[in-house]
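> Before we start, here is the structure in question, set down as structure tokens.
The values are calculated or read from the model by the stated rules, or taken from the named source; none is laboratory data. It should be emphasised that the depicted structure is a prediction, and the values quoted were computed from it without experimental measurement. Virtual Cβ from ideal backbone geometry, glycine too; neighbours counted across all protein chains shown.
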Amino acid sequence: MIRIKLRCPRCKNTMLYQSKDLALSEKHKKCVYCGKNYSIKDNIVHDR
Ligand SMILES: [Zn+2]
């Protein structure tokens with residue numbers, strides 16, 4: 001299981017996305033805060 005932190009491009013809230021694999025290129029997530037559907041790969045938060 002992979003956990004990825006995402007940031008919504010509209011409301012800027014962050015949320016965790018869990019996936020069984022890294023095939024994220026075509027996937028979208030619905031923001032739990034504002035309901036916007038956004039592209040996962042374009043909104044990954046890279047933690048240091
Ligand atoms: Zn949002």
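> If you take the residues of the range 17-36 that are outside any loop (DSSP other than H, G, I, E, B) and surrounded by 10 or more Cβ atoms within 10 Å (Cβ to Cβ), which of them is modelled with the lowest pLDDT?
Filtering the range 17-36 for residues outside any loop (DSSP other than H, G, I, E, B) gives 17-19, 28-30.
This time we only want the ones that are surrounded by 10 or more Cβ atoms within 10 Å (Cβ to Cβ), so: 17, 19, 28-30.
Working: Y17: 89, S19: 81, H28: 92, K29: 93, K30: 95.
Once the filter is applied, the top-ranked residue is S19.
> State all residues of the range 1-13 that are outside any loop (DSSP other than H, G, I, E, B) and surrounded by 12 or more Cβ atoms within 10 Å (Cβ to Cβ); if no residue qualifies, say none.
I4, K5, L6, R7
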